[in-house]
């Protein structure tokens with residue numbers, strides 16, 4: 001069975017649901033026995049969800065227009 | 001055993017020798033049975049360099065080959081090299097580091113790297129052996145990429161690729177300087193020199209540098225004779241054009257110059273060669289040959305990462321018979337071998353170069369930036385608009401800005417940490433993209449190209465900041481282990497307000513070391529696929545995955561104190 005160190009090196013594809021069937025079986029065998037790695041997998045999934053949904057680096061809608069306007073103005077100015 | 005059938009009924013004479021090396025006849029060589037002379041020449045080169053004991057031991061050379069296969073992410077060659085040399089060799093780390101850099105970042109290899117190796121006790125002959133071994137690794141990986149042999153029954157599937165620590169190169173060697181001295185010209189009367197004089201009219205410096213190893217030189221020239229100088233399949237002109245296209249893709253000034261000279265002798269004027277160097281699709285070559293060069297270019301050793309696979313069916317559709325397609329792959333392998341040799345020894349050009357490659361060929365906006373990747377062909381929803389802009393319709397560029405400004409801003413805000421700076425930089429990114437859109441060739445999605453520009457622009461901005469303004473980053477990855485192992489709440493995001501969550505995430509992301517921050521930004525905030533993010537950062541897919549995972553674990557560590565489950569006291 002995988003050690004925790006081996007599990008932690010390999011579980012990236014598992015949480016992205018991109019692990020091969022073989023790797024998945026090995027990882028799940030370890031997970032079944034290891035409470036610590038269960039916690040790490042669960043909290044990493046929650047981390048990804050929080051980060052993905054946070055919108056902390058989102059450009060406000062009104063700012064899109066001002067960027068478009070400024071960029072196009074500079075491009076047209078150069079073109080003339 | 002391969003997507004190519006075994007054609008020849010006359011097996012190459014070197015088959016028994018190959019069996020002696022590997023214990024069986026690898027499918028990689030079976031797949032080339034239509035070209036028995038090429039197989040024999042490949043074996044002779046492998047024998048002269050890898051099998052024979054030289055300054056480097058066979059174990060050391062085996063370790064270098066396995067390193068190249070890992071850099072190329074080539075499972076077949078990892079299995080093959082691992083089979084031939086199953087023991088874990090004790091390879092000198094300076095030697096291994098040099099070879100890995102040459103394999104992954106050939107154009108960046110400098111005299112300084114060679115001096116470092118000399119200071120570790122290697123003489124010029126040993127260094128030359130390391131360079132050629134790395135080149136052979138590239139050649140065999142190119143053959144495997146193009147011929148796609150089935151894993152032999154005798155080989156074990158390789159374990160998941162180890163993550164190699166190959167630092168990003170910091171500076172391009174601005175002053176080209178020969179890495180190795182020219183040995184006393186003892187090979188003047190050798191048969192190898194006679195062949196080279198007959199073909200080129202002189203002995204190119206790339207070969208003179210290697211004359212101290214006559215067995216190596218002889219084997220290389222035999223490979224040239226078998227693959228390049230013979231004309232019973234593809235024409236010499238077609239093969240020289242493949243060499244030129246791949247040399248240009250590998251940013252190899254010397255080989256591009258030499259190839260252009262040869263093409264000139266074959267009747268191709270320098271301006272036409274120049275067009276092939278810049279973009280082979282703009283030259284006046286036929287549609288059939290354009291397809292040939294398109295496919296062969298995919299086999300160039302630089303860039304790698306998420307490059308598109310070689311597609312033999314496209315060449316079949318253009319009327320190329322199987323032996324011609326196999327020959328094209330073999331010529332591509334030869335090109336990568338020669339390019340690697342030159343990157344390692346840096347022979348002095350034989351002629352004034354018509355085109356000197358520099359860092360701006362990797363990324364047109366900054367001399368210090370990381371290479372841009374333009375290597376993921378796929379259906380691009382922006383392709384039609386980009387084409388209109390390239391034809392001069394400025395106004396439709398507005399749609400591209402509107403579509404991508406949020407994504408570009410998101411990457412920059414996460415990288416530089418300051419909203420105003422990110423907004424200004426977003427504008428700069430679009431202006432740079434507009435100015436350079438003529439150079440965008442559609443080999444990656446436009447959005448991926450744009451994100452590459454954003455990452456480079458943001459990175460430059462960080463570099464320009466005074467140290468006092470730099471972000472307080474978390475400790476780097478050395479020794480990082482998850483420490484927080486308590487359960488989290490079932491719905492952690494409900495434990496605080498949305499704005500509080502945003503603040504926590506922003507702070508945690510900005511504390512990540514830059515390499516992990518960028519990887520997480522592209523995957524989890526910008527929602528790029530693994531392949532797109534790897535291409536935008538010019539990383540191999542395993543390297544990108546490793547950084548994303550480490551970044552996520554570090555974020556988890558930062559966020560854990562806010563979201564762990566608090567045990568309720570007993571009633």
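Just so you know, all these numbers are worked out from the coordinates, no wet-lab data involved. Keep in mind the model is a prediction, meaning the values are calculated, not measured. We place every Cβ from the backbone using ideal geometry, glycine too, and count neighbours over all the protein chains shown.
Some observations on this one:
- Sequence-separation-based contact order of the stretch B:189-323, relative, with Cα cut under 8 Å and 6+ spacing, percent: 18
- Sorted fewest first by neighbouring Cβ atoms within 10 angstrom, B:25, B:302 come out as B:25, B:302.
- For the protein assembly as shown, a Kirkwood radius taken over Cα pairs fed into Stokes-Einstein (25 °C, viscosity 0.890 mPa s) yields D = 92 µm²/s.
- Across peptide B:539-551, the average count of Cβ atoms from other chains found within 10 Å of a residue's Cβ is 2.
- Against the main long axis of the alpha-carbon atoms of chain A, helix A:35-54 sits at an angle near 10°.
- Alpha-carbon centroids, the stretch B:63-83 and the stretch B:202-255: separation in whole Å: 24
- Seen from a random direction on average, the alpha-carbon convex hull of the stretch B:20-60 projects onto 3.1 square nanometres.
- For peptide A:60-70, the mean count of partner chain Cβ atoms within 10 Å of a residue's Cβ comes to 5.
- The modelled label-to-label distance between residue B:53 and residue B:24, using points 7 Å beyond Cα along the C-beta direction, is 2.9 nm.
- By the equivalent-ellipsoid construction on the alpha carbon gyration tensor, the stretch B:7-158 comes out with semi-axes of 28, 15, 14 Å, ordered largest to smallest.
- 10 Å-binned pair-distance histogram of chain A (Cα, whole percent): 15, 31, 15, 12, 14, 10, 2
- Kirkwood Rh, Cα atoms: Rg over Rh of the stretch B:209-340: 0.95
- Note on B:511-523: average number of Cβ atoms from other chains within 10 Å of each residue's Cβ is 1.
- Largest to smallest principal axis extent of the C-alpha atoms in the stretch B:488-554, angstrom: 38, 22, 18
- Column: log10 I(q)/I(0), Debye, Cα scatterers of the stretch B:245-289, q = 0.20, 0.25, 0.28, 0.30 Å⁻¹: -0.59, -0.89, -1.07, -1.16
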